[in-house]
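K.L.:
First, the structure itself, so that you have it in front of you.
Read-outs: derived from the displayed coordinates by stated rules, not from any lab. As the structure is a prediction and not an experimental result, all values here were calculated from the model. Positions of Cβ are generated from backbone atoms using ideal geometry, with glycine treated the same way; all protein chains shown enter the neighbour counts.
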Amino acid sequence: PSGVGTYHLASSLWNITALIIGFGVDVIITREVARNHAMLSPLVTVGMVLRIAFHALGYSALVIFAHVAGYSAATMQLIYIFGVANFAFQIGHVCSAALYGLEIMGYMSLVSVLTELISTGGIILLIFLDQPIISLGVVSVVVGVVRAALLFYALHSSYPIRFDLRLSLAPWLLRTSSTILGNRLVRNLYAQADVIFISLFVNVQVVGWYSTADTVFGSLLFVANIISTAFFPVMSRLQEQGPDALAQLARQGIRWLLVAAIPIGLGTAVLATPLLVLVLGEEFRPAGAVLAGFGLVTILTSANVFLAQILICMDRQNRLTVLMLAAVLLTLPVDFMLIPWTQNAWQNGALGGVIAYLMTETLILVGSIWSLPWKLFDRETTIYGIKIGGAGLIMVGVTWPFRQTSIIYPVSIGAVTYMLLILASGALSENELATGYNLLQQTRRQMLKPVQRALLKIT
């Protein structure tokens, strides 16, 4: 446990430092490259120079802070190792931002799969060989270097990129991306507020319940992240053409998002407790109620992730930051009231944290929709949302009696029920079904393209 704590401490310190080093430049690179491919080389060049300079400053500042704070030798070693890994990841982030701007998603998917295999396989192997916790840091270095190399190769082979250092771009890039950095810092504070309050009012066991549910919740947002990433460069380009085209695409995106997020969120709410007990044991049963609440939060947060990308592509990220600040200010008094109350009422103060999350995510959702210059939920999209929501609620009613049986039964019954209801209600038109099929085919072809090129070179 102490080794895991040391690893988590060093990782957390670098996560915060890396956030500042990145400065939100990657989002601006993606947006501007999507609007004008000719700016690819200067943006990538300046972006990498800024990352290298900021990394040197951040690395030095973190090492000095760690020495002054008196961290252990093992923690210091991990900080040094993670510093090398972060440098590689920073270079990779610039390349991935450019690839997203060029809308070359296939390479990104393939690289993500390969690096995840290396990371997971390396960690499992080291644990099996009973290696010290510091050796796990070396895995992150290997993953970072491999990822950066593959992404740079993908970028170089996809577009004629060259070294083009326009230092005059640096002030503009930093000034523009500073709002993204501010938003990320506020979001980080917002995400950690519940954990901090729970640790103040209750014991470490309740913090563990909340952290377990929160970790699973983060993985439930994968659909929102995929859709938002895929739509962002296209929306950035359409923003230059006029509001009507962007509004139409945004409505299409929110519809695809809802059709996936609603069954994921409601399904999690139904199966949270039996799933956690099955995987982690009876002592994590109280975390099931927390995860059930996070299932509902998943639907709201998924929509907020997509809406955030819309606001950023419209250069309205300042409004997003204001909404996040308002959410932080709201969560403080709400946590102060709800966490002790739920602890006294149900001996689970973590429930107060997730209830507060529901309230703040609702605030962000309403504020984000209100910040748009056009109506996101027009009549057609609203009817669509009602149909999807109704199908999700019926799915909950059908699967609820089976939640204590083998997990395969409620999952299968729920999936079949939901899909049949969607088709029967006509929520998805033939055109949307065809679009979804074409997107899957296009993604498959893009993922296979780099493999085919490599095989051709070998043969």
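K.L.:
Given H placed on each backbone N at 1.01 Å, which residues far from residue 164 in sequence or on other chains put an amide H within less than 5 Å of it?
P.N.:
Here 45 satisfy the definition.
K.L.:
Starting with the fewest neighbours, write out 55, 37, 67, 93 ranked by other beta-carbon atoms found within 10 Å of each beta-carbon.
P.N.:
Numbers: 55 20, 37 14, 67 11, 93 23.
Lowest count first: 67, 37, 55, 93.
K.L.:
What number, in percent, do you get for the relative contact order of the chain if the mean sequence gap of Cα pairs under 8 Å and at least 6 apart is divided by its residue count?
P.N.:
Working: 547 pairs, mean separation 79.0, N = 459.
Here the relative contact order equals 17 percent.
K.L.:
When a/c is below 1.5 the answer is rounded, else prolate if a/b is larger than b/c, else oblate, so apply that to the range 1-167 with a ≥ b ≥ c taken from the square roots of the Cα gyration tensor eigenvalues.
P.N.:
Working: a/c = 2.97, a/b = 1.56, b/c = 1.91.
Cα axes put the range 1-167 in the oblate bin.
K.L.:
Under a point-charge model restricted to the Cβ atoms of Lys and Arg (+1) and Asp and Glu (-1), what is the dipole moment magnitude of the chain relative to its Cα centre, in debye to the nearest 20?
P.N.:
Details: 24 positive and 19 negative charges, 192 e Å.
Using only the charged Cβ atoms, the result is roughly 920 debye.
K.L.:
Testing the spin-label approximation: label points 7 Å from Cα along Cα→Cβ at residue 326 and residue 199. State their distance in nm.
P.N.:
Each label point is offset 7 Å from its Cα along the Cβ direction, giving 2.9 nm.
K.L.:
For the range 1-159, give the magnitude of the charge dipole about the Cα centre (Cβ charges: +1 Lys/Arg, -1 Asp/Glu; no others), in debye to the nearest 20. Provide the component values of the computation, followed by the final result.
P.N.:
On the way: 4 positive and 5 negative charges, 43 e Å.
For this selection, approximately 200 debye.
K.L.:
Grab the beta carbon distance between residue 156 and residue 279, set R0 = 35 Å, and tell me the FRET efficiency rounded to 0.05.
P.N.:
Details: r = 42 Å, r/R0 = 1.21.
The pair residue 156/residue 279 has a calculated efficiency of 0.25.
K.L.:
Then there is this: Would you mind calculating the gained length between residue 37 and residue 382 on full extension (0.36 nm times residue separation, minus the Cα-Cα distance), in nm to one decimal? Please list the in-between numbers first.
P.N.:
On the way: separation 345, 0.36 × 345 = 124.20 nm, distance 3.57 nm.
Separation in residues times 0.36 nm, less the Cα-Cα distance, equals 120.6 nm.
K.L.:
While we're here: Calculate, for residue 163 and residue 346, the FRET efficiency according to 1/(1 + (r/R0)^6) with r their C-beta to C-beta distance and R0 41 Å; round to the nearest 0.05. Before the final figure, lay out the partial values.
P.N.:
Values: r = 61 Å, r/R0 = 1.48.
It comes out at approximately 0.10.
K.L.:
Going from the alpha-carbon gyration tensor of the range 198-428, what semi-axes, largest first and in whole Å, does one get by taking the root of 5 times each eigenvalue?
P.N.:
Values: eigenvalues 197, 119, 34 Å².
They are 31, 24, 13 Å, listed largest first.
K.L.:
Let me ask something additional. Between the range 373-419 and the range 84-101, what is the separation of their alpha carbon centroids in Å?
P.N.:
37 Å
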